[in-house]
Amino acid sequence: MEKILITGALGQLGQEFINYFSNKGVFVLATDVKDPPKDLPCLFEFADVLNKNRVDLLVKKHKINTIYHLVAILSANGEKNPYNSWKINMESFQNIIEISINNKIQKVFWPSSIAVFGTESNLDLVSQNPSMNPETIYGVSKLAGEKLASYYFGKFGLDIRSLRYPGIISTKTLPGGGTTDYVIEMLNSAKNKSDYTCFLNKKTRLPMMYIDDAVNAAIMLMSAERKNLSISTSYNVTGFSVTPAELENKIKSRGFNIKVKYEPDFRQEIANSWPKEVDDSISHKDWGWSCDFGFERTLNKVLN
Ligand code: SER
């Protein structure tokens, strides 16, 4: 029986994983450094993953055998304090790795990101393993984390599995400090009948994924047989790609009367170094991935 620890559990992905596992009756221990909502459907412990001993004790106390390590400072926030971002993104991951090896954890899930690529990759359609030159501290830390995952699998047999998530579109839970956040901000502005100022230019194409697909992809990857996984760093996955102008037009064509202004800020430069489209054919081949939600279906979910 799986006994799951989720770190960074109150973030955009964490709360969705909590709901998914709790609905299935799987034991979940959620940890975070902020207070949980009253209706959280699982056990919660306040824990900073930089405090290795505390997390180690929790793993032992609850006989955890699977970890979803979701702690991270996202791309745009990361640039405000790169030292702290590296510390939070990497030291926490190293702690989880050490705890996992010492406690014989069966599997670890750790999200990577499209931020690992860079302008030396073919950004029109990034392949699984192009040359990579991430330009944010977030991307640098995710690429380093991918290498760590591969190293600890090779040397210690720790079964870490990872996806390079594109922008995740969710409405119940919000992202914080990412470059792809404009999608959710524009959708919420439309629903709230307020105007929106987009921090990227109209034509910036970026890959996205609806939250149900993001959860489903992780579950599929975590359920696959390890012998079928040819990638020990992190797998490309995507839903669909879109520009702010295309999103604005679609929102309007569905009857929402939204005014959008475009005032690109420092996040434009980040987006310029990210892929427009992602080739996730190796995920299809290795573990049967395919997304359920394209652009239209995502809008049906979010706007209805
Ligand atoms: N959504 C993330 C970000 O924008 C990408 O992994 O930072």
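Using only DSSP helix segments of four residues or longer, with each worth -39500 (n - 2.57), what per-residue ellipticity at 222 nm results for the chain after dividing by its residue count and rounding to 500?
Mean residue ellipticity, 222 nm, calculated: -11500 deg cm²/dmol.
Filter the trypsin sites (Lys or Arg not before Pro) in segment 85-169 to those in DSSP coil with at most 13 other Cβ atoms within 10 Å of their Cβ, and list the result.
Counting only loop positions with at most 13 other Cβ atoms within 10 Å, the trypsin sites (Lys or Arg not before Pro) in segment 85-169 are LYS104.
Note the per residue figure in Å³ for the convex hull of the C-alpha positions in segment 69-200.
Details: hull volume 16.1 nm³, N = 132.
In segment 69-200, the Cα hull volume divided by residue count equals 122 Å³.
To check you understand DSSP bridge types, tell me what percent of the beta bridges within the chain (both residues inside) are antiparallel, rounded to 5.
Working: 3 of 31 bridges.
Close to 10 percent.
For a bin width of 10 Å, list the pair-distance distribution of segment 1-149 built from all Cα-Cα distances, rounded to whole %.
11, 39, 33, 15, 2
Compute the signed sum of charges (Lys and Arg +1, Asp and Glu -1) over the other residues within less than 10 Å, Cβ to Cβ, of ILE137.
Charge balance near ILE137 sits at 0.
Hand me the tally of lysine pairs in segment 85-179: alpha carbons under 20 angstrom apart, and the pair either on different chains or 8 or more positions apart. Kindly include the intermediate steps, with their values, before the conclusion.
On the way: LYS87/LYS142; LYS87/LYS147; LYS104/LYS155; LYS107/LYS142; LYS107/LYS147; LYS107/LYS155; LYS142/LYS155; LYS147/LYS155.
For segment 85-179, the number of qualifying lysine pairs is 8.
Hey, got the dipole for the chain? About the Cα centre, +1 on K and R Cβ, -1 on D and E Cβ, debye to the nearest 20?
So the dipole magnitude of the chain works out to roughly 520 debye.
Can you give me the relative contact order of the chain as a percent, contacts being Cα pairs under 8 Å and 6 or more apart?
Computed value for the chain: 19 percent relative contact order.
Are there trypsin sites (Lys or Arg not before Pro) in segment 1-70 that DSSP puts in a loop and that have at most 15 other Cβ atoms within 10 Å, and which ones?
Those satisfying the criteria are LYS24, LYS34, LYS38, LYS63.
Go through LYS38/LYS276; LYS3/LYS301; LYS80/LYS203; LYS34/LYS252 and tell me which ones have a Cα-Cα distance over 28 Å in this structure.
Listed pairs above 28 Å: LYS38/LYS276; LYS3/LYS301; LYS34/LYS252.
Pairs of alpha-carbon atoms within less than 8 angstrom and 6+ residues apart define the contacts here; what relative contact order does segment 12-65 have, in percent?
The value is 25 percent.
Take the Cα gyration tensor of the chain, multiply each eigenvalue by 5, square-root it, and list the three semi-axes largest first, rounded to whole angstrom.
Numbers: eigenvalues 187, 93, 69 Å².
Values for the chain, descending: 31, 22, 19 Å.
Give me the Debye-computed log₁₀ of I(q)/I(0) at q = 0.13 Å⁻¹ for segment 200-278, equal point scatterers on Cα only, no solvent, two decimals.
Each listed q maps to, in turn, -0.58.
Among the GluC sites (Glu not before Pro) in segment 182-278, which ones are in a DSSP loop with at most 12 other Cβ atoms within 10 Å of the Cβ? Mind listing them? Walk me through the numbers before you get to the answer.
Numbers: sites: GLU185, GLU225, GLU246, GLU248, GLU269, GLU277; in loops: GLU225, GLU277.
Within segment 182-278, the qualifying GluC sites (Glu not before Pro) (loop, at most 12 other Cβ atoms within 10 Å) are GLU225.
Can you give me the P(r) profile for segment 165-304? Cα pairs, bins 5 angstrom wide beginning at 0, each as a whole percent.
2, 10, 20, 21, 19, 13, 8, 5, 2, 1, 0
If you take the C-alpha gyration tensor of segment 138-245, multiply each eigenvalue by 5 and take the square root, what semi-axes do you get, largest first, in whole Å?
Result for segment 138-245: semi-axes of 32, 15, 11 Å.
Bear in mind that the values in this text are calculations on the coordinates, not laboratory data. Quick caveat: nothing in here was measured; it's all calculated off a predicted structure. A quick note on method: Cβ atoms are made from the backbone with ideal geometry, for glycine too, and the neighbour counts reach across all protein chains shown.
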